[in-house]
1. Let me confirm one metric for peptide A:261-271, namely the mean number of other chain beta-carbon atoms within 10 Å of its residues' beta-carbons.
2. Note down the nm distance, to one decimal, between modelled labels 7 Å out along Cα→Cβ at A:Ala11 and at A:Ala202.
3. Which FRET efficiency, nearest 0.05, do B:Val158 and B:Asp54 yield, Cβ-Cβ r, R0 35 Å?
4. What residues qualify as long-range amide H neighbours of A:Val289, i.e. H under 5 Å apart, gap of 5 or more or another chain, H built at 1.01 Å from N?
5. For every other residue with a beta carbon closer than 11 angstrom to the beta carbon of A:Trp83, add +1 if it is Lys or Arg and -1 if Asp or Glu, then tell me the sum.
6. Each residue of region A:139-151 in order: what ³J(HN,Hα) in whole Hz does its phi give by Karplus 6.51 cos²θ - 1.76 cosθ + 1.60, θ = phi - 60°, with x for Gly and Pro?
7. Give the relative contact order (percent, whole number) for region A:87-169; include only Cα pairs under 8 Å separated by 6+ residues.
8. Give the average, rounded to an integer, of partner chain Cβ atoms located within 10 angstrom of each Cβ in B:17-29.
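Coordinate-derived values only; no laboratory data. All values reported here derive from a predicted model rather than from experimental measurement. Don't worry about glycine lacking a Cβ; one is built from the backbone with ideal geometry, like all the others, and counts go over all protein chains shown.
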Amino acid sequence: MTGHDPFDELAMPVERQEPRSSFARELRAHLLERLGLDDEPPPTVQLPERKRTMSTTTPAPAATATTVVPYLAARDANGALDWYTEAFGAVEVMRVVGDDGRLGHAEFTIGDAHFYLSDEYPDIGVHSPQGLGGTATSLHLTVGDVDALFARAVAAGASSLGDPEDQPHGNRHGTLVDPYGHRWMLSQPVEDLSVADYAERARGSGFEVRAPDGDVAADIPGLAGGESIPVADRPGTGGGIWAAVFYRDALAGIRFLVDTFGFEEQLVVTGDDDRYVVHSELRWPEGGVVQVGSFDPDRPSHHGYADPADDPFIQRPGDQSLYVVTADPESVWERCGRAGIEVVSAPEEPDYAPGTMGFSVRDPEGNVWSFGSYGLGADT
Amino acid sequence: MSNVSAPAPGGQRRQLVELYDSALPEVYGYLASRCGSAAVAEDLASETFLAAADAVNHGKVANLTVAWLIGVARHKLVDHWRRTEREERSLTAVGSEPDADHDPWDVHLDLLTAHHVLAGLGAHHRSALTLRYLDELPVRQVAECLGRTEGATEVLLVRARDAFRAAYQDLSEPSGTGPTEGSDR
C-alpha cells in the first residue's frame, strides 16, 4: 500500500469569486437591516461632482447664503425683476413689495447664482445705476450657451457693449448693459486653459498674466469665479463621442432621423450635387451627436478613395448599431410606430436595469437603433 | 471559555459590514465552487451573512474573521445538502450503496471528472467528501458539521469513497476492453 490517497488531490482552497453586483448590493442592504445599522453607501470610487451648466428652465436649489450674493438696486425694481426673468430665465424666489409699490426686497436665481434686488432708496444710500449714471460692478455669469442667451437678452432690450467672441483666456464672452443700467458679462468656457497657456497667449498684448506660486487653480474659467465647464459638457455638443452612420440616400436618412426619432438638424454639408452628404451633425436633444454621411458605391468617396468601400472612414449602410439614451423612450417608440418601421426588439424592461425601458428598431437602410432610459444619471 | 469575551456587538456590527465588503467574494467563491450553482451559492451566501448578523447581534462571536465566516458557510452548505438528501430520499429508495471495496486505489484523479462525479453522488456522500477532502477537515470536524459521531462519520466516509470510486471508474474507464470510440452516441 502506498501513502498516496487519490482523495487528497481533491483539496480545493477557497478562491475569491465575484458574485453578481446586484446580488451583492441587495444582500448588503439586508445585512445592514438585520444588524440595525443605517444605510450608508457602499465604498465606491469617489467620482468628481458633476459640473453644472446654467439652465434657464431648471429651478435653482434652495438658497443657502454661504457665498456673496450681489444685492442689486434698480429704478423700478419690479420691472427689473420681470426683465431678468424674461431675458435671463431668472427664477423668482420671492418679492417684498412696500405699500408705496416699491420693491423693498426680492430674491431670484439664474442657474445656480443667487441675487437680491430692491428699488433704489437714495435717502438711505441705496443707489441704482440710473441714479448714479453708471455702475462700478459687472455681474459675471458663466453660462452654457453664450450666443443664445446674449441674443435673448438683446432681443429683450439690453444694449450690447461687445458681442460674444472667443477670448484668449479660454472663454467666449460678451458684455451687455440691461435696461436698468446693470452691466453683465456672459461667459462660456470653450477651452480648458492653464494659466501658463493664457500667459503665453497674452505675451506682447500689454498685459502680463501671473498666478501666485503653487496656488490657485490653474484653470482660467475657475479663476473667473464661475464654475469651470468642460468643453464637452457644453449644451450644443452634448456627449463626447460622436457616432457616424451612413446611408445611400443620406438626405432621406437625415429626414428620417429628424422626423421619426427626433434628432435635431444642426449642420448638413453636401457635396457638389446637393445629394451627397459630406458631413452632418444631428443633435440628440438630451445630448450626443450623430454624423450622417453618404455611402455611394458609384462614386469616389470625398476622402479620395476611388471605391468608397476602401475608405476607412465610411461604413456600409446597415452596419451600424447605436444606442441612444433618453428619458422618454415611449415617445420615440410611438413615433416609430406611426412611421411603421421594422422592430428589432419591442419595448421591455431589461432585467439588468429594473425601472428602465428600451427597444430597438431598424432604420430604412438597415442600421439598428436602440433607445432606452438605461444610462441616465441617477439624479434624472 | 471564561477568558473569551465577545466584543461589544455595536462595534462588531460595523466590523461585519466591513468584512462583508472585503470577504463576500471569498464566501461566495467557497460556496459556488462546491455547490456548482450560482443561484444556490447566492442563497447560501445570503444565509451565511444573515446568520452571521444574528450571531453578532447576540454577542456570540468571539473572533469575527473570514475563517469563521467560511465555517458558517460550510454549515449552510451541509444544511443545503441535507435538504437535498431528504428530497432524494423521498424520490429514490436508498440501500443501493455499493459494497465496501477495500482494495487500495492508487490513481491520479482527473479533477474535472472528479468534480463531475462528486456532483452526481448522493448528497450525504457529497457532503462528507467535500468536507473531508475539498475543505481538508479532520474527521472530527466533519463529524461535527454533519452532526454525526466520529465512528458513524468514518463509516460514511468509507462508503462515500467507495461510491465515488465506483462512479469515477465507470466514467473514466468504460466497461469492456479499451475505449469504445464513437459508439453509443
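1. Values: counts 0, 0, 0, 0, 0, 0, 0, 0, 0, 0, 0.
Other-chain Cβ atoms within 10 Å of each residue's Cβ, averaged: 0.
2. Output for this residue pair reads 7.0 nm.
3. Working from the Cβ atoms, E equals 0.45.
4. When sequence neighbours closer than 5 places are left aside, the close amide H contacts are A:Gly239, A:Ala243, A:Trp284.
5. Details: positive: none; negative: A:Asp76, A:Asp82, A:Glu86, A:Asp178.
Within the 11 Å Cβ shell, the charges total -4.
6. Taking θ as phi minus 60°, the curve returns 9, 9, 10, 8, 10, x, 9, 5, 5, 5, 5, 5, 4 Hz for region A:139-151.
7. On the way: 71 pairs, mean separation 17.3, N = 83.
Value for region A:87-169: 21 percent.
8. On the way: counts 7, 1, 1, 7, 5, 2, 2, 9, 7, 4, 4, 8, 7.
Counting Cβ atoms of other protein chains within 10 Å of each residue's Cβ and averaging gives 5.
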